[in-house]
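Asker: Sending over a structure as structure tokens; questions will come in a sec.
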Amino acid sequence: MSNSDLMETIGRISGVNPRKCMKCGKCSGACPAYDEMEFHPHQFVSMVESGRIDELMNSRGIYTCLSCFACVDRCPRSVEPAKLIEAVRCACLRRQGMDHMKPEHIPAILDEDLPQQAVTSAFRKYRK
């Protein structure tokens, strides 16, 4: 997959426009995992914007994010770094060949106790 395709995929999955970031760093200041992260939330947004997606995908740091959304709450421009991080994680799964869920598989996993949101999320993550 080319870098431009990756950027398009990340944008589509996340629904986030990293160009809205004004690089204030408030997202990183609110991050409880800041000291453990290889790339901090504001750096992550900048890297996605500049097309350095492969570098992020090869980093263990994308799994250090707690997905607590503190960065989302603090962002004055609604950039939502946590959604970008989740989108890069999904792109990693797809690259590893785990992109396999098809619509016809859904009825077999439905359960009255399983939230529909979980099925929708899994379908989004594991399809092209």
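The values are calculated or read from the model by the stated rules, or taken from the named source; none is laboratory data. Please read these numbers as outputs of a predicted model, since none were measured by experiment. Note that we place each Cβ from the backbone using ideal geometry, even for glycine, and neighbour counts take in every protein chain shown. Areas reflect the complete protein model, heavy atoms only, side chains present, ligands, DNA and RNA absent. Shrake-Rupley method; radii C 1.70, N 1.55, O 1.52, S 1.80 Å.
Asker: Would you confirm, using the coordinates I've provided, whether ILE10 is under 20 Å from CYS75 (Cα atoms), open to solvent by less than 70 Å² (accessible area, probe 1.4 Å) and either in a loop (DSSP other than H, G, I, E, B) or modelled with pLDDT under 90 (or both)?
Answerer: On the way: under 20 Å from CYS75 (Cα atoms): yes; open to solvent by less than 70 Å² (accessible area, probe 1.4 Å): yes; either in a loop (DSSP other than H, G, I, E, B) or modelled with pLDDT under 90 (or both): no.
It is false that ILE10 is under 20 Å from CYS75 (Cα atoms), open to solvent by less than 70 Å² (accessible area, probe 1.4 Å) and either in a loop (DSSP other than H, G, I, E, B) or modelled with pLDDT under 90 (or both).
Asker: Still on this structure: Quick check: is even one residue across segment 89-104 open to solvent by 70 Å² or more (accessible area, probe 1.4 Å) and at pLDDT 90 or above? Steps first, please.
Answerer: Kept after step one, since they are open to solvent by 70 Å² or more (accessible area, probe 1.4 Å), are these residues of segment 89-104: 95-96, 98, 100, 102-104.
Restricting the remaining residues to those that are at pLDDT 90 or above gives none.
The answer is no; no qualifying residue exists.
Rundown of residues vs (1) part of a helix (DSSP H, G or I); (2) closer than 24 Å to SER121 by Cβ; (3) in contact with a helix residue (DSSP H, G or I) (Cβ under 9 Å, 6 or more places away or on another chain), yes/no style:
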{"site": "ASP5", "(1), (2), (3)": "yes, yes, no"}
{"site": "PHE44", "(1), (2), (3)": "yes, yes, yes"}
{"site": "GLU55", "(1), (2), (3)": "yes, no, yes"}
{"site": "GLY61", "(1), (2), (3)": "yes, yes, yes"}
{"site": "LYS83", "(1), (2), (3)": "yes, yes, yes"}
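Asker: Hey, another quick one. From the list VAL79, VAL48, pick out the single residue that is on the phi < 0 side of the Ramachandran plot and either modelled with pLDDT of 95 or more or part of a helix (DSSP H, G or I) (or both).
Answerer: Values: VAL79 fails: either modelled with pLDDT of 95 or more or part of a helix (DSSP H, G or I) (or both).
Among VAL79, VAL48, only VAL48 is on the phi < 0 side of the Ramachandran plot and either modelled with pLDDT of 95 or more or part of a helix (DSSP H, G or I) (or both).
Asker: Any residue in segment 1-17 that's more than 10 Å from VAL88 (Cα to Cα): show its pairings with residues that are loosely packed, with under 15 Cβ neighbours inside 10 Å and at pLDDT 85 or above at Cβ separation under 9 Å, as long as the two are six or more apart or on different chains.
Answerer: Listed by first residue and then by second, the contacts come to ASN3/GLY51; ASN3/ASP54; SER4/GLY51; VAL16/SER78.
Asker: Within segment 107-116, which residues are at pLDDT 70 or above and part of a helix (DSSP H, G or I)?
Answerer: PRO107, ALA108, GLN116
Asker: Here is a check on your reading of the model: is ASP54 more than 12 Å from the chain's Cα centre (by Cα), in contact (Cβ under 8 Å) with a residue 40 or more places away in the chain, within 17 Å of ASP5 (Cβ to Cβ) and open to solvent by 60 Å² or more (accessible area, probe 1.4 Å)? Before the answer, list the steps.
Answerer: Working: more than 12 Å from the chain's Cα centre (by Cα): yes; in contact (Cβ under 8 Å) with a residue 40 or more places away in the chain: yes; within 17 Å of ASP5 (Cβ to Cβ): yes; open to solvent by 60 Å² or more (accessible area, probe 1.4 Å): yes.
Yes, satisfied.
Asker: Looking at segment 1-47, which of the residues that are of a type in the set (Gly, Ala, Ser) and closer than 17 Å to MET57 by Cβ is nearest to the chain's Cα centre (by Cα)?
Answerer: Ranking the candidates gives SER14 first.
Asker: Another question about this same structure. Output the number of residues of segment 13-40 satisfying the condition of being closer than 13 Å to ILE85 by Cα, open to solvent by 20 Å² or more (accessible area, probe 1.4 Å) and hydroxyl-bearing (Ser, Thr, Tyr).
Answerer: Going through segment 13-40 one residue at a time, the tally reaches 0.
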